[in-house]
Each structure stands twice: as structure tokens, then as C-alpha cells.
Amino acid sequence: MGIKDWMKRKENWIISLGALAGLMIFTGCRFDYFYDLNDDVLMKDILAGAYTGMPEGHNIQMLWLISALISVFYKIAGSEPWYGIFLCFCHFGCFFAILGRSVSLFQTVRGKLTVAAIESLVFGGMFLDHLVFAQYTVTCTLLAGTAAFLFFTTDMELDGKTFVKRNIPSALLVSIAYLIRSEMLLLVLPMICVAGVVKWGGESRIFTREHAFKYFGVMGMILGGILAGWLTNALAYGTAEWKTFTAFFNNRTELYDFQEIPAYEDHRAFYESIGLTEKEKILLDNYNFGMDEEINEDMVGRIAEYAGENRSIRKPFWEKLPEKCRDYLYRFTSGRNRAGSDYPWNYMVILGYMAVFLTAIPRKHRGGQIQPKCAQSYGKNSLGAVLSLALLFAVRTGLWMFILMRERAPERITHSLYLMEFLILAAMLLAQWRGICTMSVRKGCAVLVAAGFGLMAALIFPDSLQQVSEKQVQREEVNEIFGELYQYFGEQEHRGNFYLIDVYSSVSYQGIPYSEKMFYHVDNSLDNYDIMGGWACKSPLQRKKFRAFHMETMEQALREREDVYFVCMTGEDWSWLPAYYEDHGTPVEVRLVDTVAGIFEIYAVTGK
């Protein structure tokens with residue numbers, strides 16, 4: 001076999017790998033890779049053993065099966081950045097899978113190169129921020145969206161058994177997505193169901209035994225993977241200690257993410273009824289609730305329930321609904337430089353709807369069967385496209401209203417919803433491409449669609465590049481400040497101490513969040529510090545960490561141990577700390593002993 005024949009046979013792989021290599025080289029040379037939030041850093045620390053002293057399979061945020069698998073790699077080679085490698089592998093692997101399927105749907109080299117170039121520009125422009133600043137919630141959705149894309153672009157004419165086999169990777173991707181971020185996967189699962197309904201509805205005969213086997217078979221694999229992940233996680237977290245913490249974790253999430261903590265003075269009777277004093281309640285306001293062992297799952301649950309009841313009274317559902325509907329329409333339709341707009345994600349999705357409708361009209365088909373002559377059934381094609389797109393839009397509207405009504409819509413969730421929707425639209429566009437009526441019409445549609453997406457990608461890529469560049473500079477400046485603090489903790493004369501950090505002082509500086517680089521100065525040795533709240537607080541992992549430093553509780557260790565210190569940023573109000581001890585009848589003296597980077601203050605706390 002000659003080199004030309006070999007290249008012809010492998011051209012899909014060559015083009016896909018070339019586009020992937022180009023994106024990887026560009027991002028690798030132009031940027032560093034960061035964990036997006038301190039949440040991701042803590043997850044990495046738990047998996048790597050930096051939190052408790054040994055790699056842990058109980059990651060709390062991710063389900064046990066995937067956490068345990070990643071922790072095994074840390075146990076084998078603990079100095080490597082396995083969690084960062086895992087996230088990047090998911091991102092680039094999904095891009096490669098989408099590229100490979102896309103180019104395989106085109107016959108000419110020109111068509112393959114065109115779709116690879118456009119997808120690279122679109123992916124780079126839309127996803128660059130999340131590619132450089134990785135967040136596991138977005139990673140989950142990218143996996144799920146890739147699964148939907150691969151499923152929808154699977155050849156409908158395959159027999160049932162082959163069709164199911166071809167979609168084993170899709171089911172596996174959904175299962176992994178569920179393990180990474182179960183809540184996000186369940187949120188976008190209705191969109192995956194829409195993809196299944198639309199594809200099944202495109203069959204020439206819908207209600208046949210073979211078609212039922214094809215689509216229920218794929219759905220069965222997906223549900224089986226989800227069930228396996230849920231069962232293994234339930235077993236891994238089935239001990240009494242983990243069950244207690246899980247209840248606390250869920251109640252804490254409800255309180256902080258979806259409710260507002262009622263003011264003490266206005267709701268004194270309630271707080272006194274659950275045994276929470278005003279000084280103790282401040283710990284909930286500033287997230288330092290780890291100081292008080294009496295703030296447990298039952299108390300946090302009762303506060304969350306009470307806060308929800310008060311919120312419903314202040315703003316009933318039917319009063320809030322019109323406001324959120326206006327917010328939904330504004331976000332979806334507003335363009336560049338408009339405050340609160342979701343540009344460019346919204347415009348790219350709108351363009352996707354238009355492209356799918358445009359290419360659906362001139363198809364020659366009867367159900368899923370391509371006919372030798374154009375049927376000219378433009379009305380039927382238009383109606384089918386409208387129904388399919390309307391179903392997708394209705395489901396996306398329901399999901400958006402759900403998150404907006406709950407008033408919890410960070411970018412990692414909203415961008416994930418757009419990403420899922422866009423990948424399904426892209427799959428619909430490519431799946432119906434070869435059914436276009438004539439070659440001349442197909443070329444005309446190709447020019448319009450390629451020009452639309454190419455122009456949009458060309459417009460957003462420079463903005464995306466600039467924003468990510470500026471964000472990286474800001475992150476590096478903040479990381480340098482926090483790096484001095486953590487270097488201080490690790491110095492020989494301080495290594496034997498333990499430092500408890502005020503939560504707000506650990507999150508960001510001047511509004512810019514702190515996070516670590518994935519592959520720079522990797523240190524997975526045991527950390528001699530912890531924050532005084534957060535989602536891992538009061539967990540079995542924190543208890544294990546405290547035991548490693550011979551500590552029982554934060555309150556006792558700060559008051560009684562000479563080698564345990566309190567840390568907060570300059571200017572942060574720490575008057576709550578002595579007030580809390582005074583309230584508990586154990587007054588203390590708080591004394592400044594050191595300052596780090598001109599930003600952080602180290603305090604010794606001693607009993608009077």
C-alpha cells in the first residue's frame with residue numbers, strides 16, 4: 001500500500017488529529033492551565049493526599065467510583081498532577097471525538113477540512129475560557145454533550161444490534177459525566193432525551209420491534225451506568241459518619257446556594273428556639289461555622305427550611321415568575337457589551353436553530369430513508385423541523401426557568417446549558433446534511449452555514465482570547481500573593497504549626513478568585529492548614545486531617561494550642577472571634593504575631 005492510499009484511508013484521523021494538535025499547541029503555548037475555583041483545588045488536594053496525608057477516594061463532590069479511580073493514580077505516582085491531566089484529557093478527548101465524527105460525514109477533503117477548521121474556531125472561541133480555567137461541572141456537561149452528539153449522528157440505517165454497539169461510547173460518556181457531577185448530568189438529561197426522541201421520530205417506521213430495541217437499548221445502557229454509579233456511591237458513603245455528613249452537606253448547600261440566612265434580630269425567637277446565639281449565628285454569616293461543633297446537620301437543615309418559608313412569603317412564586325421570564329428573554333436575546341447578556345453563547349445557539357431549520361427544508365426523505373429523487377415535501381420538512389426544534393426549545397426553556405427561579409445561575413451552569421444545547425443542534429445539523437435535495441442546493445446551504453458559523457467564530461475568538469489573557473494575568477497576580485502565604489506555612493520553622501484560615505480570606509483578593517495552576521509547582525504533600533468552613537468542613541476527611549495534627553476541634557485547638565494560629569486578610573473584621581469565645585464563657589486574647597505579603601495577618605489565640 002502506497003503512502004497516498006494509506007493517507008486516503010486514514011484522512012479522517014489525520015485531519016482530526018491535526019486540528020486537535022493545533023488547538024493543544026496553541027493553548028499550551030499561549031496559556032497555562034488553571035483550576036477555575038478553590039473548590040476544584042480542594043478536590044484535587046483530597047484526591048492527591050494533600051488534604052489528609054494520603055490519596056482519598058471519597059471526594060465528596062464527585063461520586064466515589066471516579067474519585068477512587070483517580071486516587072489510585074495518585075497512590076501509584078503521587079507527585080503527578082493526575083486530576084488536571086484527567087480534566088484536560090476529557091476536554092481534548094471530547095473535542096477529538098466530535099471532530100472525528102464530523103469529518104467522517106463528509107466525502108471530500110475540502111469538506112472535511114472546512115468542518116474541522118470551523119469546529120476548531122467555534123470550540124476555541126466559545127470554550128477557551130473553560131479550557132484554560134477548568135471546572136468539573138463544565139467538564140461533566142461537555143462529556144454528556146459529546147455523548148448526545150455521537151448518538152444523534154449515528155447512522156440510522158444500522159441494524160439494532162450494531163446501532164446499540166456503536167453507542168456504547170455514548171453511554172459510557174454519560175456514565176462518566178454522572179460520576180463527575182451527578183446534579184449537572186441530571187439537569188441536562190432531559191436534553192439528551194430530546195435528542196433520542198427527535199432521532200427516533202426520524203425513522204421511517206417508528207413503532208417497530210427493532211427500533212424499540214435500538215433506542216431503548218441505548219437508554220438502558222445509560223440508565224444502567226447511572227444506576228451503577230449511584231449504587232457504588234451509596235455503598236461507599238453508607239457508614240453512619242458519612243451519612244451524617246452528607247445530610248449536613250446537603251442542608252448547607254440548600255442554605256447557602258438557594259436561600260438567604262435570616263437576620264438574627266428580626267428572627268430572634270426562631271434562633272433561640274434552636275439554641276443558636278447571635279454570636280454563633282455570625283459564624284454562619286461569614287462561613288466560619290467549623291468553629292462551633294453544635295452547628296450540625298439538624299440545625300442547618302432547620303435554618304434552611306425556615307429561610308425557604310420566609311423567602312416564599314416575601315416573594316411568592318407567581319410574583320417572581322414574570323420577572324424571571326423577562327430575565328430569561330433578556331439573557332437569550334441580548335448581544336455583545338450588554339450587561340447580563342450571555343453573548344456569545346446565546347447568539348451561537350440562535351444561529352444553530354436557524355441552520356438546522358434551513359438545512360431541514362430541502363431534504364429528500366421519507367422518514368429516515370433517503371430517496372433517489374427529491375420529494376419536494378418542503379411543507380412536511382418544515383413542519384418536522386419546527387416540531388423538533390420546538391421540543392428542544394421548550395425543554396431548554398424549562399431548564400432555564402428552573403435555575404432562574406431558584407436564583408442560582410453561575411456561569412459554570414449557564415454555559416453548560418448552552419454547551420449541551422449547541423452540541424445537540426450541531427448534531428442535528430450534521431445528521432441531516434447528506435439528505436439535502438440536490439448537490440447544488442447542498443453546496444448553497446454549505447456556503448451559508450459555513451459562512452454563518454465561520455463569521456461568528458471569527459468575531460468571538462479575538463474577544464475570547466483577550467478576556468482569557470486578561471483573566472490569566474489577574475489570576476497570576478492573585479496566585480503570587482496566596483503563594484507567599486502557603487510558602488510561609490511550608491517553611492521549616494512553621495511546618496510544625498497548624499493554621500486555620502478565615503473563609504472569606506481564602507477565596508479571593510479584590511474580587512479575583514484564587515486557584516492553582518494544574519501543572520506548575522505541583523506539591524501533594526500534607527498541608528498544615530485548613531479553612532474554617534466550606535463544603536468539606538465537618539466531614540470525616542476533616543476529622544482525619546485534624547487527627548493527623550493531634551487536634552480535636554477548631555475551637556479547642558485555637559484556644560489551647562500554642563502551635564495553632566488564626567489567619568485572615570488585612571482589613572477583614574475578626575472581632576467575631578473573641579466575641580464567640582466570650583459568648584461561650586471562655587474569653588481569649590488575640591495577638592498579631594506575623595504578617596505575610598502585606599496582605600495576610602497571623603494571629604495567636606490564648607485563653608485569659
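The values are calculated or read from the model by the stated rules, or taken from the named source; none is laboratory data. Bear in mind that the values here come from a model prediction, so they are computed numbers and not experimental data. Because the Cβ atoms are built from the backbone with ideal geometry, glycine has one as well, and the counts that use them run over all protein chains shown.
Details
- Checked against the criteria, ASP327 counts as touching a residue at least 60 places away in the same chain (Cβ under 8 Å), within 30 Å of PHE127 (Cβ to Cβ) and either surrounded by 15 or more Cβ atoms within 10 Å (Cβ to Cβ) or over 25 Å from the mean Cα position of the chain (by Cα) (or both).
- Any chance PHE86 is of a type outside the set (S, T, N, Q), modelled with pLDDT of 95 or more and touching an Asp or Glu at 6+ places or on another chain (Cβ under 6 Å): no
- Of the residues making up the range 134-155, those that are farther than 14 Å from PHE422 by Cβ and either at pLDDT 95 or above or crowded, with 19+ Cβ neighbours inside 10 Å (or both) are ALA134, GLN135, TYR136, THR137, THR139, CYS140, LEU143, ALA147, LEU150, PHE151, THR153, THR154.
- Segments classed as helices (runs of 4 or more DSSP H), wholly inside the range 54-140, with at least 3 members that are closer than 23 Å to LYS471 by Cα and touching a strand residue (DSSP E or B) at 6+ places or on another chain (Cβ under 8 Å): 82-104
- Criterion violated by LEU172 - all others in (1) in contact with a Lys or Arg (Cβ under 9 Å, 6 or more places away or on another chain); (2) within 30 Å of HIS58 (Cβ to Cβ) satisfied: (1)
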